[in-house]
Number of protein chains: 2
Amino acid sequence: MHASGAAGEPAAATTAALRVHARLRELLMAGMLEPGQKVSLRTVAGMLDVSVQPVREAVSRLVADRALVVMPNRAVRVPLLTLAQFRELTAIRLVVEGYAAGEAALRRTGADLAAIRRHDAAFRRERAKARPDAARAIAHNQALHFTVYRAAGIAELLPIIEGLWLRIGPVLNFDLRGDLAKLRMAKWERCHAQLVEAIACGDARGARKALARDIVGAAKRIEARGILPPGDHDGKSRGNGHGPGH
Amino acid sequence: MHASGAAGEPAAATTAALRVHARLRELLMAGMLEPGQKVSLRTVAGMLDVSVQPVREAVSRLVADRALVVMPNRAVRVPLLTLAQFRELTAIRLVVEGYAAGEAALRRTGADLAAIRRHDAAFRRERAKARPDAARAIAHNQALHFTVYRAAGIAELLPIIEGLWLRIGPVLNFDLRGDLAKLRMAKWERCHAQLVEAIACGDARGARKALARDIVGAAKRIEARGILPPGDHDGKSRGNGHGPGH
DNA sequence: TGACCTCAACCGTGATCACAGTTTACGGTA
DNA sequence: TACCGTAAACTGTGATCACGGTTGAGGTCA
């Protein structure tokens with residue numbers, strides 16, 4: 001434990017493993033790791049100035065959530081979603097995040113609504129800049145979405161949605177990062193405005209539909225790129241390899 | 001690695017950590033671990049005849065999925081759900097598993113339907129016995145459900161549902177294990193029959209409704225026991241402590 | 001008898017070594 | 001120049017030791 005606090009921070013009330021875990025989550029969600037990229041335990045350990053042990057634990061957790069995958073060679077990589085997987089995840093997002101948005105419209109407090117409007121405005125402002133910062137725009141968009149989901153008042157829902165974002169984040173945001181023009185598309189603004197408006201009015205169905213347009217719009221943007229491998233995947237293969245048998 | 005294959009089995013094409021992970025998952029889902037029970041790394045390691053290292057990795061994964069929780073003391077326990085958490089999970093199950101059941105009704109193959117009927121019959125047979133075996137009944141029920149969900153043809157959905165069962169399994173099944181009379185309740189049979197019938201007919205809405213009755217029935221059975229702590233939980237607290245901030 | 005202190009056992013965490021398997025790069029050969 | 005085999009470097013995995021912290025039991029003192 002002598003390798004801590006290099007930057008002079010108060011550092012760890014938490015464990016090193018949790019910090020590595022949180023850091024890798026950020027990188028994945030923000031699309032700062034390229035899909036398909038190799039992730040070496042010792043390399044990450046070196047970058048974050050810890051031993052391999054905490055990195056092992058963090059990577060193991062991310063593998064359990066399929067945010068990282070181990071190849072048959074036992075090499076760890078950022079997963080490269082197939083087109084079929086991407087479409088499945090989009091369909092699930094429509095159900096789960098749509099449910100959350102609907103509940104948010106019914107149960108949001110005044111403070112929730114204010115926070116939602118704040119993140120919406122911040123995202124809009126970043127987008128309108130002459131040279132928008134992709135990282136900042138992505139962060140604002142994420143904050144907007146999760147403020148909505150949090151407003152649903154169903155705490156158990158958040159980790160599930162975070163798990164979904166951990167899967168699609170690399171695809172969605174790594175692509176966005178490389179093509180800033182996409183950030184300028186008009187759809188974003190309209191979908192977000194409709195979403196916020198519906199939540200303000202307590203219109204659950206409207207919120208669900210507006211969010212669905214947002215999700216589908218982003219999905220179409222990705223599919224149009226044609227970068228996702230075709231996927232030999234029929235949807236009935238095993239989900240994770242350790243599920244209930246029979 | 002010298003501590004393997006004591007029973008002379010071909011043993012590990014996989015890793016020790018994965019075996020421990022799978023074993024603990026089984027125990028949790030089947031309700032063989034009491035909610036609130038302490039889980040010591042060294043104790044588990046001793047029971048499964050491995051060092052603490054693979055156990056650490058397995059437990060870490062389960063903690064990441066909130067199938068186990070670490071107390072502020074850093075002790076690891078089987079989570080004891082609050083009433084509020086249990087109700088949230090039930091609501092999410094209605095949405096997610098209901099979606100899967102509906103899709104299964106639309107997309108199931110003939111082989112899927114046959115397998116579903118097989119598991120339904122096995123469960124019914126076990127239930128009708130003079131001295132039914134709780135473990136076997138639980139396994140049949142689980143197999144029935146997951147065969148339905150698998151028939152939905154959405155592979156990405158399965159790990160999510162497994163995550164939900166990992167949370168509620170200890171509560172649902174540990175309770176059931178201690179009160180075999182509950183296994184005799186008529187509701188099970190009716191709900192399952194309606195579910196299978198709807199899936200056979202391609203009636204998505206009917207399948208969703210039948211499954212909802214099954215889930216709600218089980219939830220009411222648990223709530224009637226009154227063993228769940230009241231839960232100071234307002235549903236807007238942080239979900240897992242490492243999510244997106246703002 | 002009750003409260004307090006002390007020490008031993010145990011807890012999770014991090015670092016490190018050992019090992020087997022894979023990948024990669026280099027040098028010799030055809 | 002193209003190919004192939006070998007050796008070095010690196011991969012994840014398991015076991016083990018060291019450490020700080022908590023827990024719980026035993027004994028002592030008021």
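Every read-out reported here was derived from the displayed coordinates using simple, explicitly stated rules and does not represent laboratory data. Computed from a predicted structure; not experimentally measured. For neighbour counting, all protein chains shown are included, and Cβ atoms are generated from backbone atoms with ideal geometry for every residue, glycine included.
Data for the structure
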{"quantity": "Helix-only [θ]222 nm of chain A, DSSP H runs n ≥ 4, -39500 (n - 2.57) each, per residue, nearest 500", "calculated": "-21500 deg cm²/dmol"}
{"quantity": "Net dipole in debye of region B:83-225 [+1 Lys, Arg Cβ; -1 Asp, Glu Cβ; about Cα centre; nearest 20]", "calculated": "520"}
{"quantity": "Simple label model, 7 Å out from Cα along Cβ direction - A:Gln37 to B:Arg190, nm", "calculated": "5.6"}
{"quantity": "Exposure proxy order (Cβ contacts within 10 Å, fewest to most) of B:Glu88, B:Glu189", "calculated": "B:Glu189, B:Glu88"}
{"quantity": "Cα-projected label distance for A:Ala135 with B:Ala75, points at 7 Å along beta-carbon direction, nm", "calculated": "4.2"}
{"quantity": "In nm, spacing of pseudo-spin labels at A:Lys220 and A:Ala22 (7 Å Cα→C-beta vector)", "calculated": "3.9"}
{"quantity": "Computed E for B:Arg213/B:Ala181 - FRET, C-beta separation, R0 25 angstrom, nearest 0.05", "calculated": "0.80"}
{"quantity": "For B:Asp203, B:Asp179, order by how many other beta-carbon atoms lie within 10 Å, fewest first", "calculated": "B:Asp179, B:Asp203"}
{"quantity": "A:Leu48-A:Ala13 FRET efficiency (beta carbon distance; Förster radius 22 Å; 0.05 resolution)", "calculated": "0.80"}
{"quantity": "5 angstrom amide H check on B:Val76, placed H, neighbours 5+ away", "calculated": "B:Val39, B:Met71"}
{"quantity": "Surface/4 of the Cα convex hull for region B:83-225, nm²", "calculated": "7.5"}
{"quantity": "Candidates A:Arg66, A:Arg184, A:Arg127: whichever shows maximal mean-square fluctuation once chain A is modelled as a Gaussian network with Cα springs under 10 Å", "calculated": "A:Arg184"}
{"quantity": "Partner chain coverage, peptide B:57-66 - average Cβ within 10 angstrom", "calculated": "5"}
{"quantity": "Sequence of A:Lys129, B:Lys209 once ranked by neighbouring C-beta atoms within 10 Å, starting from the fewest", "calculated": "A:Lys129, B:Lys209"}
{"quantity": "Cβ-placed point charges (K, R +1; D, E -1), dipole of the protein assembly as shown about Cα centre in debye, nearest 20", "calculated": "460"}
{"quantity": "Cα gyration tensor, the protein assembly as shown - rounded (a/c under 1.5), prolate or oblate", "calculated": "oblate"}
